[in-house]
Amino acid sequence: MTIRVSGDGSAGSAAHELQLLVDEMHANYASVTDGEVATYIPELATANPDHFGVCIVTASGHVFAAGDCDVPFTIQSVSKPFTFGMALEEFGHERVWQHVDVEPSGDAFNSIELRNGTNRPHNPMINSGAITVTALLHQHHGAATFDHVLACFSAAAGRQLSFDRAVYESERRTGHRNRAIAHLLLNFGLVAEDVEAALDVYFRQCAILVTCRDLATMGATLANMGRNPITDDGVFDVRCVKDMLSIMFTCGMYDYSGQWAYRVGVPAKSGVGGGVMAVVNRQIGIATYSPKLDAHGNSRRGIEVCVDLASRLGLHAFDCLNVGSSFLGGMLAEGSTTRVR
Ligand code: GLN
């Protein structure tokens, strides 16, 4: 289908087209009602299954929002690329890689396993890898680790974030699977003795409250080479952003990552709180919020919206007819006339 951008092709009319598209995504996919709200962390079961937000923030700082974009929810696994980025900045690529591999696992996000041959977690986007990364940060920052994480996430979101104590306590009380993973990591010398303290930071980081608008802004910070496009705050070094996006591309959607790369073709990360964040390099951050999940733990509506948006905006990285990389930047920066497929 071809939708031609109407009007004079100015940045104003292009922005209007993007708002219409976000509105349309919200209207079209509200009818998707299958999936289940996560209950394995008991407090997550209290989420309103009808909440639905779609938001795009451009690398030039324009915001397009539809639906429940200001409803707070816990970031959960969308925290993982950000703590990975923090560890890369602090310890460098080599030291982080000595602790965590960069291979898709093909298994569930919470599987209790290490990679054959290396005895390291497969990648930092699954629980074992993310707990290892947080433990690395914890070795360095000790009791100040969580404040440090919260400050970094807040800078990426462009406002002071907080965390949901009830969700944190709920996971801390019931997170025996993650505890088992942490002890497996301890057995292989990948985390230090005070593994329970590191795990505590991991549970808190997962319980950081964000809105759909925050997640899109955090995505736009990555799209904008690590600089928050609204506050102009430099959050991540551009070399770390490259590593973060690479791992999001290959591993960000757990054991759906291959299909995601095939169907959507942009780096992304989901969380069991219902958030999905996708990044189009140098162009936009996309976020959706809808708490009903599929069997992989990815938001049902989130997947549908991103598949459709990628197709309509031509965002897939390997689409030879790709207009995404020039389309949005051209539209919003120079105001050129471009078409949306
Ligand atoms: N806190 C959750 C857990 O460790 C995060 C998982 C997720 O979002 N996929 O189980």
Check: Rounded if a/c is under 1.5, else prolate if a/b beats b/c, else oblate: with a ≥ b ≥ c from the C-alpha gyration tensor eigenvalues square-rooted, which is the stretch 275-315?
Finding: prolate
Check: Once you put a point 7 Å from the Cα of Asn119 and another 7 Å from the Cα of Ala143, both along the Cβ direction, what distance in nm separates them?
Finding: 3.4 nm
Note to self: Give me the extension gain from His16 to Phe188: residue separation times 0.36 nm, minus the current Cα-Cα distance, reported in nm with one decimal.
What the structure shows: 56.5 nm
Item checked: Calculated [θ] (222 nm, deg cm²/dmol) that DSSP helices of n ≥ 4 give over the chain, each run adding -39,500 (n - 2.57) -> -14500 deg cm²/dmol
Checklist line | Relative contact order (%) - the stretch 41-131, alpha-carbon pairs under 8 angstrom, separation at least six | finding: 21 percent
Item checked: Burial ranking of peptide ranges 200-209, 148-157, 274-283 (average Cβ count within 10 Å, highest at the top) -> 274-283, 200-209, 148-157
Margin query: Which of Gly285, Gly258, Gly117 ends up with the largest GNM mean-square fluctuation for the chain, with Cα atoms connected below 10 Å?
Written below: Gly117
Notebook entry, point to check: Roughly how many nanometres apart are two label points built 7 Å out from the Cα toward the Cβ at Glu24 and Glu94?
Noted result: 5.1 nm
Next item on the list: Compute the length gained on full extension between Ala317 and Arg177: take 0.36 nm times their separation in residues and subtract their Cα-Cα distance, giving the result in nm to one decimal.
Entry: 46.8 nm
Item checked: Over the chain, equivalent-ellipsoid semi-axes from the Cα gyration tensor in Å -> 33, 20, 18
Note to self: Given contacts defined as C-alpha pairs under 8 Å and at least six residues apart, what's the relative contact order of the stretch 171-247, whole-number percent?
What the structure shows: 16 percent
Margin query: For a quick check, take a GNM of the chain with Cα springs below 10 Å and name the residue from Phe84, Phe188, Phe236 with the largest mean-square fluctuation.
Written below: Phe188
Note to self: Using the Cα centre of the stretch 247-319 as origin and beta-carbon charges of +1 (Lys, Arg) and -1 (Asp, Glu), tell me which of Met248, Ile303, Gly275 is placed farthest towards the positive end of the dipole.
What the structure shows: Gly275
Notebook entry, point to check: Once both labels are modelled 7 Å past Cα along the beta-carbon direction, what's the Gln160-His51 spacing in nm?
Noted result: 2.2 nm
Notebook entry, point to check: Normalised by the number of residues in the chain, what is the relative contact order in percent for Cα pairs under 8 Å and 6+ residues apart?
Noted result: 27 percent
Next item on the list: Any chance you could give the angle, 0 to 90 degrees and rounded to 10, that helix 212-223 forms with the longest Cα principal axis of the chain?
Entry: 90 degrees
Item checked: Debye, to nearest 20: dipole size of the chain, +1 on Lys, Arg Cβ, -1 on Asp, Glu Cβ -> 400 debye
Next item on the list: Just flag the GluC sites (Glu not before Pro) in the stretch 137-232 sitting in loop per DSSP whose Cβ has no more than 10 other Cβ atoms within 10 Å.
Entry: Glu193
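Any read-out appearing in this document is the output of simple, stated calculations on the displayed coordinates, not a laboratory observation. Everything numeric here is computed off the predicted structure, so don't read it as measured data. We place every Cβ from the backbone using ideal geometry, glycine too, and count neighbours over all the protein chains shown.
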